[in-house]
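What follows is a single structure, written as structure tokens, with notes after it.
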């Protein structure tokens, strides 16, 4: 579904991605781990072109989205993203946060958009918070609304950029549970996260990034417990 | 020397006519200034260099020259080029253009104060930059800059007294008319000061209340 070929991205002189090659198939859940500065967030942000790579290809459903002249807005409708700091719109209620893009981008009629938003809220277990503003929600609840907001666009793939690292420990589980349910429902997911429990339970593959390249990848059990590369071992010994 | 405020009572209807003109021109200029300012702020933040240059030049020039001089150019200078504005048009245009420059800087600061993640979230949902600006960034930015905008509104009402120099009979000039007949400068101008104060104070209270109401919902 997504093919990444020789992806390069640098900021000024700093080369962050130095040639990433991988494939993500439909329904696959991929967890990306790596030290800070290893390029994992940048890689994720390239997948919906929040960062524009300088070299290489990202082929999504047969279309190279790095070609100049592609419609960015159209591509992003199919790629949902969940951010570390939620980035909910503070001036809109939970319901309005979710219905805004379907209303304005897809021109869905208001009543339909409302129903869509309500059903997404129900999925993440926050139906009773429909009319609450973000600042009245806990971090975990905000992140679940953010997931519902992304899902309301019915994306083909969902990107998660450290979705639980800004959360208090007691709220991490509620967000991970929603993500695990999505994985069971067959959503294609790319998740930057160090949540081992989630990776072991839900991931099909773990990618270890270092220095802007894929240093190791494989099933979670293999990468976490029988890493082949010495630097993977070293990194894991630091986070485990 | 005794003060005799009966001059105010006698000329009250005339002063009120002046006040009406002040409020009419000010509200027009506030509205226009707000529209100009918002557009210029967006132009200044756009990725098109020409728009950036034009909007910066406008802001710098207007802020760097006195309103009084700007009004003289509009009302006394332009007729030489064959552009004859009547005094009310010159007044409204002059105040709007002047206020627009200050509003532009306020709005720009407001937009830039919004976390980058807001734009990214909007774009990640497939919204265009314009759409994100309209539905996500601007509503938050404007709410945040209400206090400096209220300040600008008050400045504008006070600055409208300068319009007396282009013979527009607003509050200040109404006072000058009465003064040339009565020579009771103290009574007249203390009263006029009080009227300006009542208007601006009331506005700042009302808008402060509205601001708190808005804040409740976000």
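Values in this text are rule-based calculations from the coordinates and carry no lab data. For clarity, every value in this text was computed on a predicted model and none was experimentally measured. Heads up, the Cβs are rebuilt from the backbone with ideal geometry, glycines too, and the neighbour counts pull from every protein chain shown.
Hey, rough spin-label estimate for residue B:215 and residue B:45, points 7 angstrom out along Cα→Cβ, what's it come to in nanometres?
2.2 nm
Where does segment B:140-218 land on Rg/Rh, using Cα atoms and the Kirkwood Rh?
We get a ratio of 1.15 for segment B:140-218.
For helix B:185-216, report the angle its Cα long axis makes with the longest principal axis of the Cα atoms of chain B; keep it between 0 and 90° and round to the nearest 10°.
Helix B:185-216 sits at roughly 20 degrees to that axis.
To the nearest 10 degrees, how steep is helix A:169-184 against the longest Cα principal axis of chain A, on a 0 to 90 scale?
90 degrees
Multiply the residue gap between residue A:67 and residue A:233 by 0.36 nm, knock off their C-alpha separation, and tell me the result in nm, one decimal place.
Gain in length upon complete extension: 56.0 nm.
What does the C-alpha gyration tensor say about the overall shape of segment B:67-145? Classify as rounded when a/c is under 1.5, otherwise prolate if a/b is larger than b/c, or oblate.
prolate
How fast does chain A diffuse by Stokes-Einstein, in µm²/s, taking the Kirkwood radius from C-alpha pairs at 10 °C and 1.306 mPa s?
This corresponds to a translational diffusion coefficient of 86 µm²/s.
If the elastic network links every pair of Cα atoms under 10 Å, which of B:164, B:46, B:96 fluctuates the most in the Gaussian network model of chain B?
Result: B:46 has the largest fluctuation of those listed.
Rg and Dmax of the protein assembly as shown, using alpha carbons, in Å: what are they?
30.0, 102
With a cut-off of 8 Å between alpha carbons and a minimum separation of six or more residues, what is the relative contact order of chain B in percent?
Taking the mean separation of contacting Cα pairs over the length of chain B, I get 30 percent.
With runs of 4+ DSSP H residues as the only contributors, calculate the mean residue ellipticity of the protein assembly as shown at 222 nm using -39,500 (n - 2.57) per run, divided by the residue total and rounded to the nearest 500.
-18000 deg cm²/dmol
Between segment A:156-197 and segment A:49-73, what is the separation of their alpha carbon centroids in Å?
When both Cα centres are located, 25 Å separates them.
Please give the per residue volume of the convex hull enclosing the alpha carbon atoms of segment A:145-240, rounded to a whole number of Å³.
Looking at segment A:145-240, the number lands at 111 Å³ per residue.
Highest GNM mean-square fluctuation, chain B, Cα pairs closer than 10 Å: which of B:41, B:89, B:121?
Checking each option, the largest mean-square fluctuation is seen for B:121.
When the gyration tensor of segment A:41-108 is built from Cα positions, what are the square roots of 5 times its three eigenvalues, in whole Å, from largest to smallest?
26, 16, 8
If we count other beta carbons within 10 Å of each Cβ, what is the order of A:232, B:31, fewest first?
In order of increasing Cβ crowding within 10 Å: B:31, A:232.
May I ask you to compute the full-extension gain from residue B:134 to residue B:198, defined as 0.36 nm times their residue separation minus their alpha-carbon distance, rounded to one decimal in nm?
19.5 nm
For the protein assembly as shown, give the share of DSSP beta bridges that are antiparallel, in percent and rounded to the nearest 5; count only bridges with both residues there.
55 percent
So in chain A, what percent of DSSP beta bridges are antiparallel if you round to the nearest 5?
DSSP beta bridges in chain A are roughly 55 percent antiparallel.
Could you give the Stokes-Einstein D for segment B:1-65 in µm² per second, using the C-alpha Kirkwood radius, 10 °C, 1.306 mPa s?
For the chosen part, D equals 104 µm²/s.
Using only the Cα atoms of segment A:7-142, what do you get for the radius of gyration and for Dmax, in Å?
17.7, 50
Compute the angle between helix B:49-63 and the longest alpha-carbon principal axis of chain B, please, reported from 0 to 90 degrees and rounded to the nearest 10.
20 degrees
Could you give the length gained by full extension between residue B:176 and residue B:14, i.e. 0.36 nm per residue of separation minus their alpha carbon distance, to one decimal place?
Stretched fully, the residue B:176-residue B:14 segment lengthens by 57.2 nm.
Relative contact order for chain A: what percent, with Cα pairs under 8 Å and sequence separation of 6 or more?
27 percent
Take the Cβ-Cβ distance between residue A:118 and residue A:138 as r, set R0 to 22 Å, and report the resulting FRET efficiency rounded to the nearest 0.05.
Taking R0 as 22 Å, the efficiency between residue A:118 and residue A:138 is 0.60.
With the radius of gyration and the Kirkwood radius both derived from the Cα set of chain B, what is their ratio Rg to Rh?
1.07
If I model a spin label at residue A:107 and residue B:65 as a point 7 Å from the Cα along the Cα→Cβ vector, what separation in nanometres do I get?
4.6 nm
Using a Gaussian network model of chain A whose springs link C-alpha atoms within less than 10 Å, name the residue from A:44, A:118, A:137 with the highest mean-square fluctuation.
A:137
Of the beta bridges DSSP finds with both residues in segment A:120-223, what % are antiparallel, to the nearest 5?
DSSP beta bridges in segment A:120-223 are roughly 50 percent antiparallel.
Taking only the alpha-carbon atoms of segment A:70-163, what semi-axes of the equivalent ellipsoid follow from 5 times the gyration tensor eigenvalues under a square root, in whole Å, largest first?
Equivalent-ellipsoid dimensions as semi-axes: 19, 16, 11 Å.
Give the separation of the Cα centroids, segment B:197-211 to segment B:113-169, in Å.
19 Å
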